[in-house]
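Data block below; observations after.
The values are calculated or read from the model by the stated rules, or taken from the named source; none is laboratory data. This one's a predicted model, so the numbers in the text were calculated from it and none came from an experiment. As a convention, Cβ positions derive from the backbone with ideal geometry for all residues, glycine included, and neighbour counts pool all protein chains shown. These area figures cover heavy atoms from the full protein model, side chains too; ligands, DNA and RNA do not enter into them. Shrake-Rupley method; radii C 1.70, N 1.55, O 1.52, S 1.80 Å.
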Amino acid sequence: MNRLENKVAIITGAAQGVGLCAAKMFLSEGAKVVATDINGEKLEKAVAEIDSDNIIAIRHDVSSEEDWKNVVKKAIEKFGKLDVLVNNAGLIYGKSVEEESLDEWNKVIGVSATGCFLGIKTCAAVMGTEGHSSIVNISSAAGLVGGPRTGNDAAYNAAKGGERLLTKHCAQALAAKRIRVNSIHPGAIMTDMMKMIVSEKPEMLDVNRVYSPLPPHYSDPEDIVYGIIYLASDEAKTVTGAELSIDNGFAAY
């Protein structure tokens, strides 16, 4: 449908899962994509399999300001501009406040919260030059509610909740530059990794059935990306500061 025709997008955490799905679907909608991930080898392989001149792969530690500057520089050099940022990279250990170490806390906050901040700060400097630009922060249902049903990770709850309010701050701060900023809050997602876990532990699906009332009680990666595409497209030109739950009713529990 070319809903993203002539748009250039940076997508982090793009070596697998929602990020890789987003890269493929953005290309199918006419976008040019800068795919990044900390796992450079896996990312390079995934992008090579896509086999398109409209996508490049860059190894990227989202907690590094220098890495962000390098990614934006290469995006401009390759495609000439930047219209969309999808802050998708994330990290979770699944440890409660009494179990999580300071090092684990700092790593989770560094990837999710600091990575989101650095991405917005660095990309906003070159966005908004051609019509409306869009930043989509992939937060989580864990950014809306807490407790064991969200992964039982203190730092993850804090980071994803921080992404939610950082989104609202940036929606106001960047509006004059015509940069829209929104967050998406997925629940359980049936990624390849989750499929492997469920095949070994089928009881994991029971948790989703309890807390996510709408069958099939989980999302496929494409379900999340449909929301990302909408927020990235001009169809959402008056949408900013919004939080979109794609969670089978999880956050309504």
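Can you pull out the GluC sites (Glu not before Pro) in the stretch 57-124 whose DSSP state is coil and whose Cβ has at most 12 other Cβ atoms within 10 Å?
Values: sites: 65, 66, 77, 98, 99, 100, 104; in loops: 98, 99, 100.
Here the GluC sites (Glu not before Pro) that fit, given the DSSP loop and packing criteria, are 98, 99.
Let me have the 222 nm mean residue ellipticity of the chain computed from DSSP H runs of 4+ only, each contributing -39500 (n - 2.57), with the sum over all residues rounded to the nearest 500.
That calculation yields -13000 deg cm²/dmol at 222 nm.
Å³ per residue of the Cα convex hull, for the chain?
It comes to 124 Å³ per residue, whole-number rounded.
Top to bottom by accessible area (1.4 Å), largest first, where do 220, 67, 103, 192 land?
192, 103, 220, 67
As an exercise, find the ratio Rg/Rh for the stretch 153-192 from alpha-carbon atoms, using the Kirkwood inverse-distance average for Rh.
Ratio value, two decimals: 1.12.
Can you flag which of 7/95; 32/121; 45/195; 160/237 are past 32 Å Cα-Cα?
As for pairs spanning more than 32 Å Cα to Cα, those are 7/95.
Please tell me the relative contact order of the chain in percent, rounded to the nearest whole number, where contacts are Cα pairs under 8 Å and at least six residues apart.
19 percent
Using DSSP to call loops (not H, G, I, E or B), can you name the GluC sites (Glu not before Pro) in the stretch 136-226 whose Cβ has at most 15 other Cβ atoms within 10 angstrom?
Counting only loop positions with at most 15 other Cβ atoms within 10 Å, the GluC sites (Glu not before Pro) in the stretch 136-226 are 203.
Convert each backbone phi in the stretch 220-225 into a coupling constant with the Karplus relation 6.51 cos²θ - 1.76 cosθ + 1.60 (shift: θ = phi - 60°), then list the ³J(HN,Hα) values in order as whole Hz, x for Gly and Pro.
8, x, 4, 4, 6, 5
For residue 234 and residue 99 in the same chain, what is the full-extension length gain: residue separation times 0.36 nm, less their Cα-Cα distance, in nm? Walk me through the numbers before you get to the answer.
Values: separation 135, 0.36 × 135 = 48.60 nm, distance 4.42 nm.
Full-extension gain reported as 44.2 nm.
From the mean inverse distance of alpha carbon pairs (Kirkwood) and the Cα radius of gyration, derive Rg over Rh for the stretch 84-166.
Ratio of gyration radius to Kirkwood radius: 1.05.
Mind listing the phi-derived Karplus ³J(HN,Hα) values for the stretch 235-240, rounded to whole Hz, using 6.51, -1.76 and 1.60 with θ = phi - 60°, and x for any glycine or proline?
4, 9, 5, 10, 9, 8
Pop a pseudo-label 7 angstrom from the Cα along the beta-carbon direction at both residue 39 and residue 220 and give the gap in nm to one decimal.
Calculated label separation equals 2.2 nm.
For a quick check of understanding: with a 1.4 angstrom probe and all protein chains in place, what accessible area in square angstrom does residue 156 have, to the nearest ten?
40 Å²
Using the alpha-carbon atoms, what tilt in degrees (0 to 90, nearest 10) does helix 17-28 show relative to the longest principal axis of the chain?
30 degrees
Once you place label points 7 Å from the Cα toward the Cβ at residue 209 and residue 66, how far apart are they in nm?
Here the modelled spin labels are 5.2 nm apart.
Before anything else, pin down the relative contact order of the stretch 72-204: Cα pairs under 8 Å, at least 6 apart, normalised by residue count, whole percent.
Worked out over the stretch 72-204, it gives 28 percent.
What is the helix-to-structure angle for 65-79, meaning the angle in degrees between its Cα long axis and the longest Cα principal axis of the chain, kept from 0 to 90 and rounded to the nearest 10?
Taking the Cα atoms of the chain, the angle to 65-79 is about 50 degrees.
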